[in-house]
Structures are given as structure tokens and as C-alpha cells.
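Data first, discussion second: the structure below is written as C-alpha cells.
The values are calculated or read from the model by the stated rules, or taken from the named source; none is laboratory data. Not measured: the values here are computed from a predicted model. Please note: Cβ atoms are built from the backbone with ideal geometry, for glycine as well, and neighbour counts cover all protein chains shown. Surface accessibility is based on the protein's heavy atoms, side chains included, excluding ligands, DNA and RNA. Shrake-Rupley method; radii C 1.70, N 1.55, O 1.52, S 1.80 Å.
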Amino acid sequence: MAQATLFELLSGGLEATIRDMNPWWRGERLFGLPPVRRWAFRPLSDNLKAGMTAATVLRGPRQVGKTTLLNQIIHALLDEGVAPRRIFKVQFDELPELKKLPQPIVELSRWYAQNILGKSLNRAATDGEMAFIFLDEVQNLPDWAPQLKHLVDIHPVRVLVTGSSALRIEAGRDSLAGRITTLEMGPLLLRELAEIRGFGALAPHLPANGLAPLRDKQFWLDLRASGQAQRELRRAAFEAFCERGAYPAAHAHADQPWERVADLLNETVIRRAIQHDLRLGPRGKKRDEHLLAEVFRLACRYAGQSPSQALYLEEVKRAMHANLGWRRILAYLRFLDRTLLLRLIEPLELRLKKVRGAFKLCLCDHALRAAWLQEVIPLVPERLAQTPDLADLAGHIAESTAGYFLASVPNLDVAHFPERPTEPEVDYIATVGEQRIPVEVKYRRRIDYRDTLGLRAFIEKAHYNAPFGILVTLHDEPGSDDPRIVSLPLSTLLLMR
């Protein structure tokens, strides 16, 4: 691709497009911003204004509301009295011609300082008018990280970056060590869903300033009590979550039938990731789009489970009529994990003894599974009771939901505990410091003594340092009378954040 100068692109209409992206320069605001702010609004806003690093990166799957959040932060700055000319936003997914520039971030920042700010970025900061720069979908630039490093090293600015391709964002983080703070945001939390749908306000139970409360059994007892106190509101939100998943568009357009929502998720989330975010490998080597789609299908089919290498190989061979090696399939699984559409939960034994073990597959949203496989599995207890033949599959989906949720808690270390010759399986092990918290998911109507065998066996091993365990259930009724086990329904677990 031939390189162009910024002057040539501006003369060709780029300047008008950039000015349209920044309507506050002419005294206007963006139209139609939703009033609900996602959980990441406050930490992003705080980091942007006074964080320890000059740049903050927000990454996550497509369509979870990153651009909306960026625009909400801009409006909040304007409401606080920040001069409009101090705010500069560039949306790179709408400006492919910027790839023709050798250093678009650096060159655009220079143009902004000269033509909008009216002074150098350094002079503006000296005058108490530090610029706020917003770079949306920056991963579309192949060398965005070195440019961002140059910008924040040379100029006193505050920068907020968003990216949908976690692969490309991750690739640039090493060169930005010490210069960026990274936040990950997935689909809606249950309390966010309740607010968007107008059901009411649900407060998060886990404070935003650390994981220490998780080590206290009383925290989990209080979480269960909080779920009981908000029973009707919790159930309404959970039913909406079960029916439509947790992508914002599914609930912002709750009047639309599921079929249209499924088409939207397939086109704008899954296919977009497979066809664009993952298509280029190292040194421009193309990845196999069909294999990516097949691996994602397997991840959907076996969500909440730990398929063996042999199963992956057999399924891929049958679907693609080709013999492919495990290393290649594993590489594609890791690609999906880095898009945040999927989390690969490692076995605990892999970390302790370096023994090979299968990953547990946890999807970011069960709605993606329903859309991609065109298979809706009821999760609402009352509806699940009408289709008992789907109980096992619903249980796996509930296990996937719980796993992704736990793994999404910032800085929480989550593994799964495979069955051993002398020890039963435990679905998840959360580790906080030196303490472990075993979590078992039993999403079924009846739970007996055998269903808690794994939890009890793990707790009784003193070297695991697990004074209590968590049993995640279908119904509100306790699933165990063991005082070391705290029972709570999946809907209440999802109220933790």
C-alpha cells in the first residue's frame, strides 16, 4: 500500500470526517447515548483523569458497549466543564484510509494540537488544559502500540484506547509496559441487564477495591441473603438473561424476536471475529477461517466441559474431512480465548505438577451458543422442568456461565480440578492469596449427598487450604446441610459484581 501524507488525506475529505467525529468542537453533542452506564465507566473515568498511567486500554468482544462507554465518558467530561477543544476522538474502524499514513496516531495528534487546541500539547498541559485523546478500535492500525508509546512519552496527555480484537491489543502491550492500565469488559452483568430493562436497581456485593472479602465465608452467606432479599427483581433479571443472553443489543431491543437477535450476534460478533480479527497470523500468514469456525462450533457444543484432545481431533476430522494436528487446534482455541469470546480454564494440576490436562470451555455468553448452533436450551427453572431431557445440557451451560463469570472477576485466579485416581472432580477452584475456594455447579432439581463429594473431599485436604466451598444450584433452596458448604443459586452468584 502506497503511503500518503496527512495533508493529502485531509484534502481528500478526511478533515471533515474527523470534525464530524468531534461534534462538541462546534457546540453539539452525540445524539441518542443510552443513560445506563456500564460498570467500567467509573474506573475508566478515574484512570483517564488521574490514573497512575497516561493511557488506559479497554478491551473486550465486539458489541459489548465499548464505544458507547467512551462517548459517555466524553459527555461526562463536557458536563464537568472541560473545554470541548481539549477532547479529541478518532474512530479508526471508520477511517481505513489512515493505514496509508506512516504514523497516523502521531500525525493526527500533531494536527489536532495545531488546528483545534491552538497550542502544543505540552503548552496546553502547562496552562492547565491537558488534552484528552480517545482512540476507538485502535487495533486496526498494525503498529498502534509504538505510536501510542511515542505519544505518551513525548507529550503530557491522557489517552483512552478501546479495542475489539484482544489479539492485536495483546500484541502491543509489551512495548507499553508501565504506560497503560488495561481493563477487560465482557457482556452485561446481571445488575446492568436489570437496569437496561427497567426492572430496578441491583447493587454489587463485591467491593471494587480487592478480592479479600472472597476469603470470608460470611461474604458468601451475605451474598445469599442479598439474593433472597431481592428475590423478585433477581428472578426477573435472570429470566431475561436466560432467554436472550447478556449482549446489550439483545436487551436494548427487547421487543425484537430472538431470531433477529441471533442473526445480529452471528454477523456482528462471531463472524466478525472469525473473518476479521483472527484472519491474519504472524507475519501476515492467513489462518483457516473454516477451521476457526469449526473450533468455535466445538467450543459451543462442549461449553462447560473439558473435551479430550482425541475428541477434538475426531470431531474436526469428521467435519472437515482432514487430519489436523492437536497443536494447530490448540492454537485456534487460544486465539478464541484472546478474543474474550471464550475462556480456557486450565486444570489446577497443570499449574501444580505441570501435568497435561484438558481445558474447560467457558463461553462469554450462552446466547452466542444459541445463535451459532441454532439451538435454544431453556435455563429458567420453570421452563427447564418442562423439558427434563435437556437438563444435562442446561447444566453444562450453567457451568460455562459460572466459569466465565468467575474468570472475569479482575485478578481472580480460576482453575478447574479434574478427577484424579484418588480424588473426585471439582468444577472450579478460585484462589485468593494462599486460600482456595472450591466451587461446584449442580444445576438440577434434586441434589443429594453424592453431588457434594468433590467439594467435601477438597475441603478435607488440609494442604489445599480451603476452609469452605460454594455450591451453585438451580433453585434457592440449600443443596447441602454441611456447614462448610454455602449454597446459592446461579442467579445470586451473578449478583456478586
Helices (runs of 4 or more DSSP H) fully within segment 158-247 counting 3 or more residues that are modelled with pLDDT of 95 or more and open to solvent by less than 40 Å² (accessible area, probe 1.4 Å) | 190-197, 217-229, 231-244
List every residue pair whose Cβ atoms sit under 7 Å apart, with the two residues 6 or more apart in sequence or on different chains, where the first one lies in segment 15-31 and is under 14 Å from LEU78 (Cβ atoms) and the second, anywhere, is at pLDDT 95 or above and among the charged types (D, E, K, R).
-> ASN22/LYS89; TRP25/ARG85
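Okay, residues lined up against (1) β-branched (Val, Ile, Thr); (2) within 25 Å of ARG244 (Cα to Cα); (3) assigned to a strand (DSSP E or B):
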site	(1), (2), (3)
VAL295	yes, yes, no
ALA299	no, yes, no
ALA310	no, no, no
ARG328	no, no, no
ALA331	no, no, no
VAL376	yes, yes, no
Within segment 28-56, track down each residue that is within 25 Å of GLU267 (Cα to Cα) and in a strand (DSSP E or B).
-> none
Of (1) among the small types (Gly, Ala, Ser); (2) at pLDDT below 90; (3) surrounded by fewer than 21 Cβ atoms within 10 Å (Cβ to Cβ); (4) not in a loop (DSSP other than H, G, I, E, B), ALA113 satisfies all except one. Which?
-> (2)
Enumeration of residues in segment 43-82 that are without any contact (Cβ under 8 Å) to a residue 40 or more places away in the chain and more than 19 Å from ASN22 (Cα to Cα) = ASP46, ALA50
What is the number of the single condition among (1) over 18 Å from ASP482 (Cα atoms); (2) open to solvent by less than 60 Å² (accessible area, probe 1.4 Å); (3) assigned to a loop (DSSP other than H, G, I, E, B); (4) without any contact (Cβ under 8 Å) to a residue 60 or more places away in the chain that VAL409 does not meet?
-> (4)
The one condition ALA430 fails out of (1) under 18 Å from GLU349 (Cβ atoms); (2) outside any helix (DSSP H, G or I); (3) modelled with pLDDT under 95 is (3)
Just for segment 344-374: of the residues that are open to solvent by 10 Å² or more (accessible area, probe 1.4 Å), modelled with pLDDT of 95 or more and not in a helix (DSSP H, G or I), which one is nearest to PHE238 (Cα to Cα)?
-> CYS364
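For residues that are outside any strand (DSSP E or B) and in contact with a Leu (Cβ under 8 Å, 6 or more places away or on another chain), scanning just segment 454-475, find the one that is farthest from TYR428 (Cα to Cα). Step through it out loud before you land on a result.
Here is the first cut: in segment 454-475, the ones outside any strand (DSSP E or B) are 454-468, 474-475.
Retained after the next criterion (residues that are in contact with a Leu (Cβ under 8 Å, 6 or more places away or on another chain)): 455, 474.
Values: LEU455: 10, LEU474: 17 Å.
By that ranking, first place goes to LEU474.
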